Amino acid sequence: MNNKFRLGVLGSGKGSNFVAIADAVAAGKIPADIVAVLSDVETVGILAGARERKLPAQFIPPGKFRTKLDDDAERAYIEALQLAKVDLVVLAGFMRILKGEFLRTFAQRVVNIHPSLLPSFPGLEAWKQALDYGVKVTGVTVHLVDQGIDTGPILAQQTVPVLEGDTPATLHARIQEAERELYPATIAMLARKAGEKAG
Ligand code: GRF
């Protein structure tokens, strides 16, 4: 029986983090399988990327709210992830706040990547916040998801310099490059730890 660590990836966007994770899995750098890729947006890069790689991809409508899932949608996400027997829920640009039932069901098993060195610059467009503030160093953070927004225990961080003449776009691109390294490396670490625990 295949007892590899099982990843469920949730995203709403182009899916560059998903691609980095999927490529690392395919290259044997993450001892895990991607068993579900879910999105709240029907025509989006992350689902196309998953289908190209022959991974199970599913659009699940988010319901009536703009920034969170409604109760029925939350249940549908939970069921899809449970059906796929997911060990770790990986948020890769999922633009809905997850709370309550979802986080209770997957307690300590939901990770997110944020484009700043938390606790600085939580929330949207963190690279722009960093540029506007004038910091000389920013970065990326992988953290466990809790009830707050971009709070939760930090698992890993990587710094990114802010360079003279940076625009939001150039800084964002540099940050995304760091994300594509740090996220797969952190997930690999979690998968290895789980493997050691399981013996
Ligand atoms: C990433 O930049 C990440 O920091 C944020 O959402 C973005 C998703 O981008 N949480 P992508 O869809 O992985 O390209």
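The values are calculated or read from the model by the stated rules, or taken from the named source; none is laboratory data. Please read all numbers here as calculations on a predicted model, not as lab measurements. For neighbour counting, all protein chains shown are included, and Cβ atoms are generated from backbone atoms with ideal geometry for every residue, glycine included. Heavy atoms of the whole protein, side chains included, go into the accessibility calculation; ligands, DNA and RNA do not. Shrake-Rupley method; radii C 1.70, N 1.55, O 1.52, S 1.80 Å.
When you check A76 against the structure, is it under 23 Å from G15 (Cβ atoms) and not in a loop (DSSP other than H, G, I, E, B), yes or no? Step through it out loud before you land on a result.
Details: under 23 Å from G15 (Cβ atoms): yes; not in a loop (DSSP other than H, G, I, E, B): yes.
So A76 fits the description; yes.
At least 1 residues being within 13 Å of the ligand (Cβ to nearest atom) and surrounded by 20 or more Cβ atoms within 10 Å (Cβ to Cβ) is the threshold, and among the helices (runs of 4 or more DSSP H) wholly inside the stretch 80-199 those reaching it are 126-133, 168-198. Please go through the stretch 128-151 and pick out each residue that is among the acidic types (D, E) and more than 21 Å from T186 (Cα to Cα). Result: D132, single match. Among all positions in the stretch 7-19, there is at least one residue which is of a type in the set (A, V, I, L, M), modelled with pLDDT of 95 or more and open to solvent by 40 Å² or more (accessible area, probe 1.4 Å). Look at (1) surrounded by fewer than 20 Cβ atoms within 10 Å (Cβ to Cβ); (2) in contact (Cβ under 8 Å) with a residue 24 or more places away in the chain; (3) under 23 Å from T186 (Cα atoms) and you find that G28 fails only one, number (2).
Among the numbered conditions (1) surrounded by fewer than 16 Cβ atoms within 10 Å (Cβ to Cβ); (2) not in a loop (DSSP other than H, G, I, E, B), the only one that R66 does not meet is (2).
To keep it simple, each residue is scored yes or no on (1) more than 22 Å from I113 (Cβ to Cβ); (2) touching a residue at least 60 places away in the same chain (Cβ under 8 Å).
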residue	(1), (2)
K54	yes, no
I60	no, no
T67	no, no
Q82	yes, no
V89	no, yes
G93	no, yes
R96	no, yes
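Across the stretch 33-54, which residue is farthest from the chain's Cα centre (by Cα) among those that are open to solvent by less than 30 Å² (accessible area, probe 1.4 Å) and within 9 Å of the ligand (Cβ to nearest atom)? Walk me through it before giving the result.
Of the stretch 33-54, the ones open to solvent by less than 30 Å² (accessible area, probe 1.4 Å) are 34-40, 44, 46-47, 49-50.
Now restrict to residues that are within 9 Å of the ligand (Cβ to nearest atom): 44, 46.
Numbers: V44: 15, I46: 12 Å.
Here the answer is V44.
Of everything in the stretch 1-32 that is farther than 25 Å from P62 by Cα and charged (D, E, K, R), the residue that is farthest from the ligand (Cβ to nearest atom) is K4.
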